[in-house]
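> The structure under discussion is supplied below as structure tokens; questions concerning it will follow.
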Amino acid sequence: MQHNPSLPVDPDRLLAIAQKWGTPTYVYMESMIRERCQMLKRLFPDLPVSWLYAVKANDNPHIIRIISGEGFGFDTVSYEEVLLCLKLGTGPKQIFYTENNMTDAEMQGAAKEGVTLNIGSLGRLRAFCEAYPGSECSIRIKPDISDGHHAKVDTGNQDSKFGIRLDLIPEAVRVAGEHGVRIRGIHAHIGSGIQEPENILAEIEVLLKSSAGLDDLAFINFGGGIPIPYRHDETPFDLDRFAHLASKRLKAFLEANNRPVSFFFEPGRWIVGPAGILLTQVNTVKDQGRKLFLGTDTGFNHLLRPALYEAYHEVVNISADAHGTSQTYHIAGNICESGDMLGLDRALPESKPGDYLAIRDTGAYGMTMASQYNRRALPAEVLITAEGYHKTIRSRKTPAETVNDLLKETGLAAAQKSETS
Ligand code: LLP
């Protein structure tokens, strides 16, 4: 049988996993994650650049451990993510917590743990300074640069909720100074899935310029957002060119300033996105007159990106001969909403119930954005280890377990038992 050659994993291996673990199942490739971490670490050989992995892209503890093993620290955005990284053995100094409408309790928790707190509003900075005079923090600014693969993930534009306004930086410095708080870092993140590399360079410029008034500065964090190609004809982001241009600018900055400042980047998608595949099984083929549908056993509860951002993920039928007769299909999920489409007008080899589909590039923002909508269980997760073994890194609950868990969490497990006994 001839298969679609575009998959990063041998389709027979994927078929074996789908048959053994059932579907829906996310599959991740450890060696690809490691290689991508190593590629990033080679980009700035003669600059003090460190890498933080954006945990929100994929927070499976096994994945976090792999990335930690490659010498990455972590970009976290909730107290829960902070605790997760700490519990997995990462030291607090390797954890950067970018707050966003953080509560007092979360602030106290993070401060107690000793992670670097990156503060994104003047109000929160004041509260932090009052609570922890004489301490240290970082500030997130709003650079007024717009980017991201979709308006919903454009974080640096003028109307964004994130970061401290540029004109308020002097006020931030004043507030910190009043309480003896040292602003050790400055940070921005312009968006996820950056479309124009020039925009990151512009953001770097804004951060370098904004750092001028920060006397205690130890680091500058340029955020994440490195994109990946989702369509086979998309040109990948030219990392080498970006690193070349950024290096030139950062070296000039260090020379001109003569102070020991280090730099951070915090990518998520670029590291894990291409290393993940969602496996699903076709159970229905349905001709609706004008559209031919393939119905699958997953949906936007497990992969939200197509429904939320109209994101494109390549879908490959790994059971069918890639060179057989082709058909154009809408690939539908099993969620009770008409927006639950995983792909529109896709040319696939003639497919039938029982076939397995591989949905590509789903290692980032796949499982972390999954829900139990329609009360369905979450997918299983399987890791293809660097040694080539298949390892369960999250098991799928059965329908009965899923329902029992709900009853337990809502305090009705006992009632349900006594009603049925
Ligand atoms: N740093 C900060 C402060 C962020 O907010 C994010 C992403 C990152 C780093 C990592 O960005 P990345 O390198 O992964 O692009 N759910 C959306 C993506 C939302 C990203 C939110 N912040 C999606 O599926 O496209």
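The values are calculated or read from the model by the stated rules, or taken from the named source; none is laboratory data. What you see is a predicted model; the values in this text were computed from it and never measured. As a convention, Cβ positions derive from the backbone with ideal geometry for all residues, glycine included, and neighbour counts pool all protein chains shown.
> Taking segment 79-100 on its own, how many of its residues are outside any helix (DSSP H, G or I) and buried (at least 18 other Cβ atoms within 10 Å of the Cβ)? Steps first, answer last, please.
Narrowing segment 79-100 to residues outside any helix (DSSP H, G or I): 88-91, 95-100.
In the following step, the residues that additionally are buried (at least 18 other Cβ atoms within 10 Å of the Cβ) were identified as 90, 95-99.
Summing the residues that are outside any helix (DSSP H, G or I) and buried (at least 18 other Cβ atoms within 10 Å of the Cβ) in segment 79-100 gives 6.
> Suppose the filter is of a type in the set (Val, Ile, Thr), touching a residue at least 24 places away in the same chain (Cβ under 8 Å) and within 23 Å of ARG241 (Cα to Cα); does ILE190 pass it?
Considered against the rule, which asks whether it is of a type in the set (Val, Ile, Thr), touching a residue at least 24 places away in the same chain (Cβ under 8 Å) and within 23 Å of ARG241 (Cα to Cα), ILE190 comes out as yes.
> Would it be correct to say that GLY289 is modelled with pLDDT under 95, surrounded by fewer than 20 Cβ atoms within 10 Å (Cβ to Cβ) and either of a type outside the set (D, E, K, R) or not assigned by TED's automatic domain parsing to the domain that holds PRO399 (or both)?
Working: modelled with pLDDT under 95: no; surrounded by fewer than 20 Cβ atoms within 10 Å (Cβ to Cβ): yes; either of a type outside the set (D, E, K, R) or not assigned by TED's automatic domain parsing to the domain that holds PRO399 (or both): yes.
So GLY289 does not fit the description; no.
> Would you pick out the residues in segment 160-198 that are within 16 Å of the ligand (Cβ to nearest atom), at pLDDT below 95 and not in a loop (DSSP other than H, G, I, E, B)?
Within segment 160-198, GLY191, PRO197 meet the criteria.
> Return the residues of segment 245-277 that are among the aliphatic types (A, V, I, L, M), within 15 Å of LEU207 (Cα to Cα) and surrounded by 13 or more Cβ atoms within 10 Å (Cβ to Cβ); say none if nothing qualifies.
ALA246, LEU250, LEU254, VAL261
> Does segment 120-159 hold any residues that are in contact with a strand residue (DSSP E or B) (Cβ under 7 Å, 6 or more places away or on another chain), of a type in the set (A, V, I, L, M) and within 15 Å of the ligand (Cβ to nearest atom), and which are they?
Matches in segment 120-159: ILE139, ILE141, VAL153.
> Within segment 57-66, count every residue that is within 16 Å of the ligand (Cβ to nearest atom) and touching a strand residue (DSSP E or B) at 6+ places or on another chain (Cβ under 8 Å).
The number of residues fulfilling the criteria is 4.
> Follow-up question, since we're still on this one. Confirm whether ALA377 is surrounded by 14 or more Cβ atoms within 10 Å (Cβ to Cβ) and modelled with pLDDT under 95.
Against the criterion (surrounded by 14 or more Cβ atoms within 10 Å (Cβ to Cβ) and modelled with pLDDT under 95), ALA377 does not qualify.
> Can I ask one more? What are the pairs with Cβ atoms under 8 angstrom where one residue, in segment 250-272, is closer than 14 Å to LEU47 by Cα and the other, located anywhere, is within 16 Å of the ligand (Cβ to nearest atom) and assigned to a loop (DSSP other than H, G, I, E, B)? Sequence gap at least six, or different chains.
PHE263/PHE222; PHE264/PHE222; PHE265/PHE222; PHE265/GLY223; PHE265/GLY224; PHE265/ILE226
> Let me ask something else. If you go through segment 265-311, how many residues are part of a loop (DSSP other than H, G, I, E, B), farther than 30 Å from GLU70 by Cα and either touching an Asp or Glu at 6+ places or on another chain (Cβ under 6 Å) or of a type in the set (A, V, I, L, M) (or both)?
2
> When you scan segment 219-238, do you find a residue that is over 18 Å from the mean Cα position of the chain (by Cα) and within 27 Å of LEU166 (Cα to Cα), even just one?
The answer is yes, given that some residue of segment 219-238 is over 18 Å from the mean Cα position of the chain (by Cα) and within 27 Å of LEU166 (Cα to Cα).
> Among the listed residues LEU84, LEU117, LEU88, LEU122, identify the single one that is in contact (Cβ under 8 Å) with a residue 40 or more places away in the chain and in the same structural domain as LEU207 (by TED's automatic domain parsing).
Step by step, each of LEU84, LEU117, LEU88, LEU122 is checked, and only LEU122 is in contact (Cβ under 8 Å) with a residue 40 or more places away in the chain and in the same structural domain as LEU207 (by TED's automatic domain parsing).
> Starting from segment 145-172, take each residue that is assigned by TED's automatic domain parsing to the domain that holds GLU198 and more than 16 Å from ALA202 (Cα to Cα) and list its partners that are within 14 Å of the ligand (Cβ to nearest atom) and part of a loop (DSSP other than H, G, I, E, B), counting only C-beta distances under 6 angstrom and pairs at least six apart or across chains.
Partner pairs satisfying both residue conditions: HIS149/GLY193; VAL153/SER192; PHE162/GLY120; PHE162/THR155; GLY163/GLY120.
Here's the yes/no breakdown for (1) within 16 Å of the ligand (Cβ to nearest atom); (2) crowded, with 21+ Cβ neighbours inside 10 Å; (3) part of a strand (DSSP E or B):
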{"position": "VAL9", "(1), (2), (3)": "no, no, no"}
{"position": "TYR26", "(1), (2), (3)": "yes, yes, yes"}
{"position": "ARG34", "(1), (2), (3)": "no, no, no"}
{"position": "ASP46", "(1), (2), (3)": "no, no, no"}
{"position": "SER68", "(1), (2), (3)": "no, no, no"}
{"position": "MET102", "(1), (2), (3)": "yes, yes, no"}
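> Another question, then. Kindly indicate whether GLN108 is farther than 14 Å from VAL55 by Cα and in the same structural domain as SER121 (by TED's automatic domain parsing). Give the derivation first.
Details: farther than 14 Å from VAL55 by Cα: yes; in the same structural domain as SER121 (by TED's automatic domain parsing): yes.
Yes; evaluated as a whole, the condition is true for this residue.
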